[in-house]
Amino acid sequence: MKVYKYFLIICASIILAPAITFAQDKEAKITLNFEVVDSQKVCKALVVSEALPVKELSIKFYVKRLFSLLPIGEATTDENGSASLEFPTDIPGGETGNLTVIAKITEDENYMDTETTHDIKWGVIVKEDPNLSHQRSLWGSRSDAPIYFMVASDLIILAIWGTLIYIVFQVFKMKRISSLNKK
């Protein structure tokens, strides 16, 4: 009886797997546009599927950072398939001010996961402070590391080598004592 139940479970999963896998059968295309309206930066996404605008679809906006994506907001498309978001003005963009903006459709029951990217110079330009590169800091090289780190690491190395040398001397001392006891 148990074998029969397992057989039915396996058959049902094989039959239902394509239905579950292909539930998101529609593909959407996202187009990003950037505008400055009344001194506010606005990011607009136009979502089209099969040459028709997509209504009431949630679009998430991100800015690409070094190791991950920084979420900047979410918007829902209107009847024209357009979603707009007021872009934050305080995101650092490095020395050139370039930012990579990403618009994504994720976890929608009708449309496949889709994303598009676009580069724009809307970031805050960050200039490197030359005084910071020559100060002692955690991220500095050996010569710029904090003194207490250098002293602590040297003491740890001396303690380990001192222990090893002490053990070697004790082994020789035991060997010498054992040779004296045999005589």
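I'd like to know if region 109-122 contains one or more residues that are more than 30 Å from Glu27 (Cα to Cα) and β-branched (Val, Ile, Thr).
No, every residue in region 109-122 fails to be more than 30 Å from Glu27 (Cα to Cα) and β-branched (Val, Ile, Thr).
Kindly evaluate Glu109 against the criterion of being in contact (Cβ under 8 Å) with a residue 24 or more places away in the chain and assigned to a loop (DSSP other than H, G, I, E, B). Show your work before the answer.
Values: in contact (Cβ under 8 Å) with a residue 24 or more places away in the chain: yes; assigned to a loop (DSSP other than H, G, I, E, B): yes.
Judged against the criteria, Glu109 is a match.
Hey, any hits in region 150-165 for a residue that's surrounded by 11 or more Cβ atoms within 10 Å (Cβ to Cβ) and part of a loop (DSSP other than H, G, I, E, B)?
No, that holds for no residue.
Quick grid of which residues meet (1) part of a strand (DSSP E or B); (2) surrounded by 12 or more Cβ atoms within 10 Å (Cβ to Cβ); (3) touching a residue at least 40 places away in the same chain (Cβ under 8 Å):
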{"site": "Ile30", "(1), (2), (3)": "yes, yes, yes"}
{"site": "Glu56", "(1), (2), (3)": "no, no, no"}
{"site": "Lys60", "(1), (2), (3)": "yes, yes, yes"}
{"site": "Leu70", "(1), (2), (3)": "yes, yes, no"}
{"site": "Ala75", "(1), (2), (3)": "yes, yes, no"}
{"site": "Glu79", "(1), (2), (3)": "no, no, no"}
{"site": "Glu95", "(1), (2), (3)": "no, no, no"}
{"site": "Val101", "(1), (2), (3)": "yes, yes, yes"}
{"site": "Glu115", "(1), (2), (3)": "yes, yes, yes"}
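Of all residues being surrounded by 12 or more Cβ atoms within 10 Å (Cβ to Cβ) and in contact with a helix residue (DSSP H, G or I) (Cβ under 8 Å, 6 or more places away or on another chain) in region 121-149, which is nearest to Val63 (Cα to Cα)? Just the residue, please.
Ser137
Laboratory data are not the source of any read-out in this text; all were calculated from the coordinates shown. All values reported here derive from a predicted model rather than from experimental measurement. Cβ sites come from the backbone with ideal geometry, for glycine too, and all protein chains shown count toward neighbours.
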